[in-house]
Amino acid sequence: MPWVVRDAVRDINRTVARRWQAIDPLLPDPAALPNGCGAPLVVNDDHGRVAGLGVCVHHHISADSLNQTWGAADRFTLVPRLPGQDVEASAGLLLVQWRDHLAGVGAARGTDTSATVVWPSQDITGIQALLRHGLQPRTVIAARLRPQAPNGPRFVPRGAYGVTIRPAGPADEVQVLDLELQLIRYDMHFGGPVWRPATARLVREEIHGSLTRQATWTWLAERAGGAAGLLVAQPPEEAGWIAGMTCASPAAYLQTMFVDPAERGTGIGAALVRYLHAQLDASGVAVTLLHHSQVNPLSAPFWYRMGYRPLWTSWEARPASALR
Ligand SMILES: CC(C)(COP(=O)(O)OP(=O)(O)OC[C@H]1O[C@@H](n2cnc3c(N)ncnc32)[C@H](O)[C@@H]1OP(=O)(O)O)[C@@H](O)C(=O)NCCC(=O)NCCS
């Protein structure tokens, strides 16, 4: 990276850090710009000063990774740094450069591709530019902070009538698999996950691995002896991959939440989540993060009732060539 751009990155990152903190105190400091799949995109204002930077990052997700089920196989992400004089105008100019860059990348022309910008949910500047260029709000990272006066170790979370919550073990593999696959199929309605030839096998393998561990973070809710709900979480030791999305630390991740359709609306979801929160709060976890689809009609109302709020929104064009 030429020194002019390096200096501009440092100055812009400082300004972006101040802007983000004013918008949402849970946002982290902007990370150093990653290496991209081309030269950094640079936007200048009318006086020739750098008014915005962006880097395009390309990830090819291989067919033997479960991650490929959660989105396109070739993912192009724009990492923007917009200091905030006129965010909408600079975002627009950056998106034009990004679209032109992607037009020259062979791997971005296929159908199994996506172009994504992850934008602070509370930052309403620039949304017009994202919409104008064909990006749709797809997924939200929501966050829940540990309450100020945490529940003490004797706190017993409220249960649901006739429901027992217990850690899942190796003998529960079939039930857990069934609920996990139902969740993926349900989420597919919202355009996020893609059913792959290896999806069921890879989910089974992941479940097998996690249920045979000593301390499992998978819980089942049972009613009348049958599995009615599933919750899977990652403790801070496993949630490092997403922890950098917030300045609060340590961070846990709530990975899976599913209640049997016939049992919904009877308090099972809340009982499972309160059970997890009681453990996380007692063990000093500062923040819990999760993903939910922006248009899932069940998840947003539920999560916001459970104390979560939006932190980041993923704006996506799929295929990548839908970016305009
Ligand atoms: C989201 C889901 C887990 C909720 O589970 P549930 O057992 O139906 O939820 P509960 O009955 O425990 O409801 C808990 C609270 O949330 C509220 N709530 C739940 N779903 C709601 C909805 N769609 N709209 C408004 N409020 C809702 C309930 O009214 C209840 O509020 P209360 O505490 O004031 O009574 C369930 O609908 C589900 O499995 N959906 C499909 C999978 C999914 O979307 N998972 C989340 C993926 S991120």
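Computed values, structure above
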read-out: The range 147-285: Rg to Rh, with Rh as the Kirkwood radius over Cα pairs; value: 0.97
read-out: Length gained when the stretch residue 7-residue 47 is fully extended (0.36 nm per residue, less Cα-Cα span); value: 12.7 nm
read-out: Highest-MSF residue in the chain out of 92, 36, 48 [GNM, Cα springs under 10 Å]; value: 48
read-out: Cβ-based exposure ranking for 210, 299, 62, 90, in which fewest neighbours within 10 Å come first; value: 62, 210, 299, 90
read-out: Rounded to 10°, Cα long-axis angle of helix 199-211 versus longest principal axis of the chain; value: 60
read-out: GNM top mover of 253, 161, 186 - the chain, alpha-carbon springs below 10 Å; value: 161
read-out: Magnitude of the charge dipole, the range 147-285, Cβ model with Lys/Arg +1 and Asp/Glu -1, debye to 20; value: 240
read-out: Once the Cα gyration tensor of the chain is diagonalised, semi-axes √(5λ) in Å; value: 38, 23, 16
read-out: Distance (nanometres) between label positions extended 7 Å along Cα→Cβ at residue 186 and residue 145; value: 3.0
read-out: Full-stretch length increase - residue 100, residue 62 - with 0.36 nm per residue and alpha-carbon distance subtracted; value: 11.1 nm
read-out: Angle between the chain longest axis and helix 268-282 axis [Cα atoms, degrees, rounded to 10]; value: 70
read-out: Cα centre as origin, Lys/Arg/Asp/Glu Cβ charges: the chain dipole, Debye; value: 440
read-out: Sites residue 204 and residue 32 - FRET efficiency at Förster radius 35 Å, r taken between beta-carbons, to 0.05; value: 0.35
read-out: Ranked 180, 88, 237, 316, criterion: other C-beta atoms within 10 Å, fewest first; value: 237, 88, 180, 316
read-out: Helix 87-103 vs. the chain, principal-axis angle (Cα, 0 to 90°, nearest 10); value: 90
read-out: Full-extension gain in nm, residue 158 to residue 283, via 0.36 nm per residue minus C-alpha separation; value: 43.1 nm
read-out: Extreme residue, positive dipole direction of the chain, given options 22, 79, 55 (C-beta unit charges); value: 22
read-out: Mean separation of Cα contacts under 8 Å, 6 or more apart, over the residue count of the range 198-255: relative contact order %; value: 23
read-out: Residue order, fewest to most surrounding Cβ atoms within 10 angstrom, among 86, 7, 24; value: 7, 86, 24
read-out: Alpha-carbon centroids, the range 18-36 and the range 107-150: separation in whole Å; value: 14
read-out: Virtual paramagnetic centre 7 Å along Cα→Cβ of residue 18, amide N under 17 Å, in the range 82-123; value: 82-87
read-out: Between the range 193-261 and the range 291-324, the alpha-carbon center distance in angstrom; value: 19
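Read-outs: derived from the displayed coordinates by stated rules, not from any lab. On a predicted model such as this, the values are computed, not experimentally measured, just so you know. Cβ coordinates were reconstructed from backbone atoms using ideal geometry, including for glycine residues, and neighbour counts include every protein chain displayed.
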